[in-house]
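To keep things clear, I will list the structure first and then write my remarks on it.
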Amino acid sequence: MSGVLLAGVTKRFGDALIVDRLSLDIAAGEFVVFLGPSGCGKSTLLRMIAGLESVDEGEILIDGRRVDHLPPGARGVAMVFQHYALYPHMTIRKNLSFGLRNMGVPADEIDRRIDAATKSLEIEALLDRRPGQLSGGQRQRAAIARAIVKQPALFLFDEPLSNLDAALRGRTRIELAQLHQQLRTTMIFVTHDQVEAMTLADRIVVINDRRIEQIGTPMEIYRRPATQFVASFVGTPKINLLPVTVDRSGAAAQVRLGDGTVLETAVSSVSLPGEADMTLGLRPERIRIAPLERGDTRGEARVVERLGERTLVHVRLADGAMLVAEDRGDSDVQAGQAVGLAMEGACAHLFARDGTAYHGVSA
Amino acid sequence: MAMGDATLRSRLSQSAPWRRWSGLLFVAPYLLLFAAMLILPLIIGLRLSTTRSDLFGVKAEVGLENYARLFSDPVFLKAVGNTFYFVALTVPALTIIGLALALVLNNASRWSAVLRAVFFASTVLSVTVVTLIWRLVLIPDGGLAAVIARLFGQAPIAFLSDPVLAMPAIALTTIWWGIGLPMVLFLAALQQVPRDLYEAAALDNASRPRILFSITLPAIRRTIALVVIIEIILQFQLFGQAQLMTGGGPNNSTRPVVLFIYEAGWKQWQLGYAAAAAQVLFAMIAIAAMAQYYVSSRKEPA
């Protein structure tokens, strides 16, 4: 079992800084997801671990062994590429055996490994076909099988699900989770899809603009986002962000929304910085549709999205601010109707101007 | 008005013959040009090859006599042999050297951009300039080759008047002249190979020769076939270099088929005989190109 250690890793392309002194400790057997918007440096970081990009500063260790000066083939890693990168003129069997033959693995051992991997991925029947004769999902499995047969110390996945249709993506996601449970090998997975990150990861590393914003378990990331960026990047529908003025006179901070509504938060007043104007973050599931007279505030329903098990209501407050609230699946709210809103102030987050998040004790 | 237009159009598009033939309209411009410039001359040439003709017109119908004469004409048979020899000298060399240059120059550095331009530059020269340059290199009296030979204490060799060395000298000139095209075609093909294949191969621990033979060459095999076919067709038509450098000599050792056709037609005014020789050359090129196509497409099962 091998962990991965990144220490002060930096990458430049010319004058452009792509990855800025990034440090990270990944435990053996862990499934870590690098999550971030495109261009944040997450793929570059993965490719640096693979050896496909050079490291300008810092060190990369796999299983305690320094690898950043080694060629990709000598690092004991296997990678699944976004576009699969199967060799188009070779059969799937040759695709799988290519790396093993290069490493001098004996022929019977190669056959044994290919048998095992293709059986578990249910692609034995495709072994004598070429990648061009396979569907996207089958190619994806072949690419994963090519990684598995190498029995690497570390699996790297570069947005491997982004080319699959929605149904197949969901299924492959579950299969990857099962694969990790079976193999217990360290895996690093890059994606910009927060659902993939939430469902697959032991730990998520949220990367934005060359830096790590937050490292944590999926629920930590969701419930206690370290920054406003993390809060708005993770979660569908997106977290509601509203400008508020803060009153620190009580033990817990009180905030006043643009429409005059006063909300009690669970954020300790003394922990907050001196700014009077902050941003309130409240997830849609913490704002419920209520009878008009019983809500904390009221607004006009503008758009009603019925998702079946729940209903999302886009509401405009008196001051024009928009927010998304949740209602039951069988909600009878109609667009244009006035609705009351019940806000769970105890679950609110406050964000300072620099993006730093402040949470209540229970949030 | 607009109404009537629409009905007319819909009635037109519904009528079956119109639908069947309307596609023809799109290919017609090319088809006409192709017929006028290639098919028609081919037919006229075939017809001419069965006659005895000069520049004033057809003198007599002779059937296949021209062909019979050709195959017993030692000069023509020598010319055919010379042409095959020349193709064998140039086509593999152009393909392999072009590929090697493309492999070396397929990167984004400034030096390779300069060198690509340098290697391609010779292609834009006319055959007159190219042969002039190489005659200056090859003449035994003060040419570059002679100077080099003297440096090593050797007597200078008269390449172009040596029956054994003249054809290789013309081949060398042709390779120098024509290397730009295969190089550019190979460069274009190499840049189409997805980069992630090389990355996958790097992670698969593949050595450089392994990558060349298992990834690069299979990925550009269509371009290799294309280059070989193009070069076969081009080099079978050797003319200018031989005419300008040796005039077909010494002792017919560098006389190619096209030069034979030219001299039969425009020096001896035997247009029918020349046309027959041209048909033989056409058949040679067609068979060679098709054989190459057959071999290269069979290697890859569908």
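Of all residues in the stretch B:98-118, none satisfies being more than 25 Å from B:L185 (Cα to Cα) and at pLDDT 90 or above.
Residues of the stretch B:104-117 that are crowded, with 17+ Cβ neighbours inside 10 Å and of a type in the set (A, V, I, L, M): B:L105 alone.
Among residues that are more than 10 Å from chain A (Cβ to nearest Cβ), more than 19 Å from the chain's Cα centre (by Cα), surrounded by fewer than 20 Cβ atoms within 10 Å (Cβ to Cβ) and not hydrophobic (A, V, I, L, M, F, W, C), B:Q192 is included. So which pairs qualify, if the first residue must be in the stretch A:37-64 and more than 14 Å from chain B (Cβ to nearest Cβ), the second must be hydroxyl-bearing (S, T, Y) and surrounded by 19 or more Cβ atoms within 10 Å (Cβ to Cβ), the Cβ gap must be under 6 Å, and the two must be at least 6 apart or on different chains? Within 6 Å, the pairs are A:D63/A:S2. Checked against (1) surrounded by 21 or more Cβ atoms within 10 Å (Cβ to Cβ); (2) within 14 Å of chain B (Cβ to nearest Cβ); (3) closer than 27 Å to A:T172 by Cα, A:G76 passes all but a single condition, namely (1).
Could you say whether any residue in the stretch B:259-268 is more than 23 Å from A:H89 (Cβ to Cβ) and within 15 Å of the chain's Cα centre (by Cα)? No; the residues of the stretch B:259-268 include none that is more than 23 Å from A:H89 (Cβ to Cβ) and within 15 Å of the chain's Cα centre (by Cα). One residue stands out among those in the stretch B:205-217 that are facing another protein chain (nearest Cβ under 8 Å) and out of contact with any Pro (no Cβ under 9 Å at 6 or more places or on another chain): the one that is surrounded by the fewest Cβ atoms within 10 Å (Cβ to Cβ), which is B:S207.
Selection of the stretch A:1-35 for residues being exposed (fewer than 13 other Cβ atoms within 10 Å of the Cβ), outside any strand (DSSP E or B) and of a type in the set (A, V, I, L, M) yields only A:M1. Note on the stretch B:12-53: residues that are small (G, A, S), part of a helix (DSSP H, G or I) and within 26 Å of B:F282 (Cα to Cα) total 4.
Please verify whether B:V295 is more than 14 Å from chain A (Cβ to nearest Cβ) and crowded, with 19+ Cβ neighbours inside 10 Å, treating the condition exactly as stated. Taking the combined requirement at face value, the residue does not satisfy it. Evaluate the following for A:E285: is it part of a strand (DSSP E or B), out of contact with any Lys or Arg (no Cβ under 7 Å at 6 or more places or on another chain) and either in contact (Cβ under 8 Å) with a residue 12 or more places away in the chain or under 16 Å from A:V361 (Cβ atoms) (or both)? No. Find the residue count for the stretch A:265-299, including only residues that are surrounded by 15 or more Cβ atoms within 10 Å (Cβ to Cβ) and either outside the structural domain of A:V339 (by TED's automatic domain parsing) or of a type outside the set (V, I, T) (or both). Residues that pass the stated criteria total 18.
The values are calculated or read from the model by the stated rules, or taken from the named source; none is laboratory data. What you are looking at is a predicted structure, and each value in this text was computed from that prediction instead of being measured. Don't worry about glycine lacking a Cβ; one is built from the backbone with ideal geometry, like all the others, and counts go over all protein chains shown.
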